[in-house]
Amino acid sequence: MKKWKLYSSVLMCVALTGCASKGDLDDLKMRIDKDNAVMEQRINDKLEKNLAEMSEQLSVLHGKMDKINEQMALSRNIESVQITFNNMKKKIEDAESKIKSYNARIEDLKSDLSKSSTSNRSIQQEISEIEGKMDELIQLLESQVQ
């Protein structure tokens, strides 16, 4: 940039004073054009280098993003498994609760059955006693009829 300012200052000075020949001006213009080309090449080289570095960094970032996406997918899978596990755990707890309720009902029914059996035995005993008394009455009636 400094050369460009110097050359442009020289050109302005020469143009104002008119103390330079056409050849000198052409030489100066050629040097300016050459320096511009060199500067443009340097800028392009730096730009290409920066683009290459940025492309490399972008590739690294893409790799990191891919890993992050994989980890996020894994995290979602783990979360899904945890939800499924919790749902299954709740279903098991519900089933255990139902089993306890059924077992309590079975115990109640066993108790009712035991009471019913005892009651049936008592009724059968009473029936046997009544049958015995009826047999006695029949015999008594038969003996009175004769």
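Summary of values
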{"item": "Boolean, Met54 is within 26 Å of the chain's Cα centre (by Cα), of a type outside the set (Lys, Arg) and assigned to a helix (DSSP H, G or I)", "result": "no"}
{"item": "Unique match (being acidic (Asp, Glu), over 48 Å from the mean Cα position of the chain (by Cα) and surrounded by 10 or more Cβ atoms within 10 Å (Cβ to Cβ)) among Asp94, Asp35", "result": "Asp35"}
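Computed from the coordinates by the stated procedures, all read-outs in this text should not be read as laboratory data. These numbers come from a predicted model, not from an experiment. Backbone-built Cβ (ideal geometry, glycine too); neighbour counts: all protein chains shown.
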